[in-house]
Amino acid sequence: MYINLPLLDGGGDTVQHTEIFTIFVLMIDRATIDRIYAAADIVDVISDYVTLKKKGVNYQACCPFHNEKTPSFVVSPSKGVFKCFGCGKGGNAVTFVMEHEGVTYPEALKIVAKKYGIEVKEKELTPEELQRNDNRESMFALNGWAADYFTNYLHRTDEGRSVGMSYFREKRGFTDATIQKFALGFCPAKGDTFSREALAAGYKEEFLLSTGLSLKRESDGTLYDRFRDRVIFPVHNISGRIVAFGGRTLRTDKSVAKYQNSPESEIYSKKNELYGLYFAKKAIQQQEFAIMVEGYTDVISMHQAGVENVVSSSGTSLTTEQIRLLSRFTRNITVIYDGDSAGIHASLRGIDMILREGMNVRVVLLPEPEDPDSFARSHTATEVQEYIRANEEDFLTFKAKLLLNDAGKDPIKRAELIADMVQSIAQIPDTIQRSVYIKECARIMDMDESVLVGEVARKRMLSTGDREAEEFVRRQQTLMRREAQTQTAPATAKGVVAGSSIEALERELVKYLLKYGHRTFEFKEGREYVTMNVAAEIFRDLDADGLHFENKAYDEILDLYRKLWQETGEGVEVPVHNFINHADPQVCNAAVDILTSDDNYVPSEIWRKKDVHVESDEEILATGVPKAITLYKSKIIERIITEQKAKLSDPNIDDSQLAEITMYLSRLNKAKVQLSKKLQRLIL
């Protein structure tokens, strides 16, 4: 940054501040990016990941980027932006995909482009970018090829048809349409057939090993197939890409594991995936609840029966990440259990986890000896849905009935049962819902409600962490702000104050540009009022002293706004989409954050009706813009004064340097005094 001093009158020395700039290299041509942004409907894109509910002109949801119970994630279709007022994240359709999928900006562009059938043309990538992208894409490509290989082997070989297809059709009753929908397959029995053919097709050994499709023998270093002689269930992520496989043996040999699953990899984390969610997410949104079952075949049979809002944790213990993934589409989960009481007891922990995330849980117990797979195969979709509706119970009633059978009349076991139920109720974050369940528990167990209230409170005190405390404080502050806006007299825009940081002042000036750059205000100079344009005044003051912003995103917005403003002319509004859809995600996020912020006071009609004076935009700008510029210059001078004073303490300084710095400090202090007087006049 360069700054000429003094800042108010005359010339002066130039002080140079060296800064390191990061280079943003665009890898996709601008024309293609423009086509992607033109095609992308932000509601359509985000709906693939989160259930959005319309509220006025906008849409709302619980934020997918942090854990929350009250929706603070807002999508504006008119502006093409999203913003979470809880964690602060914001951006456009492409940056949402970038953040959600954990991919680079070019990768996010390609994902959105694929959704809308747009061909992406790229410029040459750097070696580092190639390496990072190639590793992930190579693994995805290999998984896609492997899925096709297993499917083809199932349909086109004698072994596949006689072993795999017989199992799917005869044992499981899957139709050809179902087998095709879930891309089911078969891996050859000969131990290295798949690995050899993958290598022959040009796929590298390192990716065969990193995806877990192949294993390496220690004795001779040769590869062999992880899923040999197994029917194959591909695992799709929420976007539909294949991230892993499950393989089931058809042997009766007890020494052979029934299921083999892909190991954790760069593209697969089992705790973050739900089997069947890709196929179920639209049905879950439409029906407003999800059905949770145990295994692959449970999901597939239910889908085939016409019940498509079904997902599975793939035979592993349910995780918090899986519950949060599902919560993007619904807050209601129905867990289906078969008649195996041992399995039910082991799964009760999952119910507590679901409750802890603020979800509503209901439970369905199938008649013995049915499981979701067999029940779906022997009933129509209507019969399955009617059975669920007729037999589902809230978690508390289900748990009480289940555990009371075990406890009998034993008082110690009954006390343990009550403690178990209290533990579950204590997980519920919503106060009203928790109170309702306490009443129900007191009724079922014939107990004094106040005892349960105290016990639940004690459990929550022991288990509540900082996250919940912060959420409580945030809610209280929100309520206080709303109360203040509706019950007290209006105030002026809060703006920045003398103690604000340089970054806060830069943000304030960018805010005035983006929101009001084309507007004018009346500023009093002496006894006369002068009409000023907001953008012209900001650029005049900053350019006079060669000032550039330290925050890279703000500085980029400043330069781009200046360029567009010079092209359009004074008084013409610069379209904000130039900043919202900027190629640099940091610029985009900064612009969205400012444009969606609530740091400007919005006058209430209540006060106008009561004849209370409410400041107009012009009055706010007449004070706010000059004040922000003056504070910013003062802050810059204060920092330079501090730097120069530090030089005076150098024991090696000579007399000429001492005199030069002293004179420089004198000019700086005069400029500071002038700015202080100007600021005092502005405040008065």
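The values are calculated or read from the model by the stated rules, or taken from the named source; none is laboratory data. This structure is a prediction, so every number in the text was calculated from the model and none was measured. Positions of Cβ are generated from backbone atoms using ideal geometry, with glycine treated the same way; all protein chains shown enter the neighbour counts. Heavy atoms of the whole protein, side chains included, go into the accessibility calculation; ligands, DNA and RNA do not. Shrake-Rupley method; radii C 1.70, N 1.55, O 1.52, S 1.80 Å.
Data for the structure
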{"item": "Extension gain, Glu119 back to Asp446 (0.36 nm per residue minus Cα-Cα distance, nm)", "result": "111.0 nm"}
{"item": "Calculated on alpha-carbon atoms, Rg and Dmax of the stretch 134-266 in Å", "result": "14.3, 43"}
{"item": "Label-point separation, Thr642 to Thr397 (7 Å along Cα→Cβ), nm", "result": "6.5 nm"}
{"item": "Theoretical gain in end-to-end length, Glu288 to Glu383 [0.36 nm per residue, Cα-Cα removed]", "result": "32.3 nm"}
{"item": "Label-point separation in nm, Thr70 to Arg136, each point 7 Å along Cα→Cβ", "result": "3.5 nm"}
{"item": "Residue-normalised accessible area of the stretch 45-185, expressed per residue, 1.4 Å probe, Å²", "result": "46 Å²"}
{"item": "With DNA, RNA and ligands ignored, accessible area of Asp176 (1.4 Å probe; Å², nearest 10)", "result": "80 Å²"}
{"item": "With DNA, RNA and ligands ignored, accessible area of Arg434 (1.4 Å probe; Å², nearest 10)", "result": "30 Å²"}
{"item": "At R0 = 25 Å, FRET efficiency that the Cβ-Cβ distance of Val453 and Arg324 yields, to 0.05", "result": "0.30"}
{"item": "Compactness of the stretch 201-331 as Cα Rg over 2.2 N^0.38 Å, two decimals", "result": "1.17"}
{"item": "Estimated FRET transfer efficiency (Glu618, Glu567; beta-carbon r; R0 35 Å; 0.05)", "result": "0.85"}
{"item": "Net charge dipole size for the stretch 156-249 [Lys, Arg +1 and Asp, Glu -1 on Cβ; Debye, nearest 20]", "result": "360 debye"}
{"item": "Estimated Rh, the stretch 264-338: Kirkwood, alpha-carbon pairs, angstrom", "result": "12.3 Å"}
{"item": "Rounded to the nearest 20 debye, dipole of the stretch 35-155 from Cβ charges on Lys, Arg, Asp, Glu", "result": "720 debye"}
{"item": "Net charge, Arg414 excluded, C-beta distance under 13 Å - Lys, Arg +1, Asp, Glu -1", "result": "-3"}
{"item": "Residues His577 and Arg217, FRET efficiency given R0 of 41 Å [Cβ-Cβ distance, rounded to 0.05]", "result": "0.10"}
{"item": "Cβ-based charge dipole, the stretch 206-266, positive-most Cα from Ser255, Ser210, Pro234", "result": "Ser255"}
{"item": "Accessible-area value, Tyr664, 1.4 Å probe, nucleic acids and ligands omitted, Å²", "result": "10 Å²"}
{"item": "Those lysines that a straight Cα-Cα span of less than 26 Å connects to Lys181, excepting residues fewer than 8 apart in one chain", "result": "Lys110, Lys114, Lys115, Lys171, Lys258, Lys270, Lys271, Lys281, Lys282"}
